[in-house]
Amino acid sequence: MLIKLTEKHSKIITRAFAVIEILIGLAISLSFIIASLINPPGRPKTVYGFVVVTSIISVIIGIGLFRYKNWGRQFLIFFAGYIIFTKFLLFSNLVNFTGNTIKFMSINLKDIFSFVYHCSILIIFNIKDIKKILN
C-alpha cells in the first residue's frame with residue numbers, strides 16, 4: 001500500500017500527533033500530581049515515578065514532532081513499539097500491571113485504544129512523505 005501525502009498534509013498530521021502526545025503527557029502528569037496531593041498514593045512510589053517519567057517523555061516527543069525533528073519521530077516509534085509490546089504482554093496475560101491510573105474508562109478499553117493508537121503511529125510515521133518533512 002503506497003500512501004502519497006502533500007507536504008502540507010504531512011505537516012498537519014505530524015503536528016496533530018505532536019499535540020496529542022503533549023496533551024497526553026501533560027494530562028497524565030498533572031492528574032497524577034494532583035491525585036497524589038489530594039489522596040496520598042496507595043501504590044508504590046516507583047509506579048508514580050514511572051508514569052510521570054513516561055508522561056514527560058511524551059511531552060518531549062510532542063515538542064520534537066511539533067518542531068519537525070526526526071529525533072521526535074524516532075523516539076515516538078521506539079516508544080510506540082514499547083507500548084505495543086507491553087500491551088501484547090497484558091492481552092496475553094503474561095504480565096499483570098496494577099499501576100493503571102486513568103479512571104474515566106475501563107482499563108481494557110484504554111488498553112485497546114492505546115494499542116490501536118500506537119500501531120497507527122508505526123504506520124503513519126513510516127510513510128515516506130512524513131519522514132521527508134522531519135529534519
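The values are calculated or read from the model by the stated rules, or taken from the named source; none is laboratory data. If you're wondering where the values come from, they're calculated on a predicted model, not measured in any experiment. Using ideal geometry, Cβ is built from the backbone for each residue, glycine included, and neighbour counts are taken over all protein chains shown. Quick note on the areas: whole protein, heavy atoms, side chains included, nothing else; ligands and nucleic acids left out. Shrake-Rupley method; radii C 1.70, N 1.55, O 1.52, S 1.80 Å.
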Subject >> Label-point separation, F66 to T86 (7 Å along Cα→Cβ), nm >> reply: 2.3 nm
Original post:
Near K11, which lysines are there with a Cα under 19 Å away, not counting those fewer than 8 places off in the same chain?
Top reply: K69, K128, K131, K132
Original post:
Under 22 Å from the Cα of K110, which lysines turn up, not counting those fewer than eight places away in the same chain?
Top reply: K87
Subject >> Mean accessible surface per residue for the chain, computed with a 1.4 Å probe while every protein chain stays in place, in Å² >> reply: 64 Å²
Original post:
Hey, if you drop one equal point scatterer on each alpha-carbon of the chain and run the Debye formula without solvent, what base-10 log of I(q)/I(0) do you get at q = 0.18, 0.21 Å⁻¹?
Top reply: -1.04, -1.28
Original post:
Between the helical axis of 7-38 and the dominant principal axis of the chain, each derived from Cα atoms, what acute angle in degrees is found, rounded to the nearest 10?
Top reply: 10 degrees
Subject >> Label-to-label distance, nm, for residues given as K131 and C119 (7 Å Cα→Cβ offset) >> reply: 2.2 nm
**OP:** Can you bin the stretch 48-98 into rounded, prolate or oblate? Criterion: square roots of the alpha carbon gyration tensor eigenvalues sorted a ≥ b ≥ c, rounded for a/c under 1.5, prolate for a/b above b/c, oblate for the rest.
**Re:** oblate
Subject >> Peptides 45-55, 14-24 ordered by average Cβ neighbours within 10 Å, highest first >> reply: 14-24, 45-55
Subject >> Extended-chain gain in nm, criterion 0.36 nm per residue less alpha-carbon gap, I20 and S106 >> reply: 28.9 nm
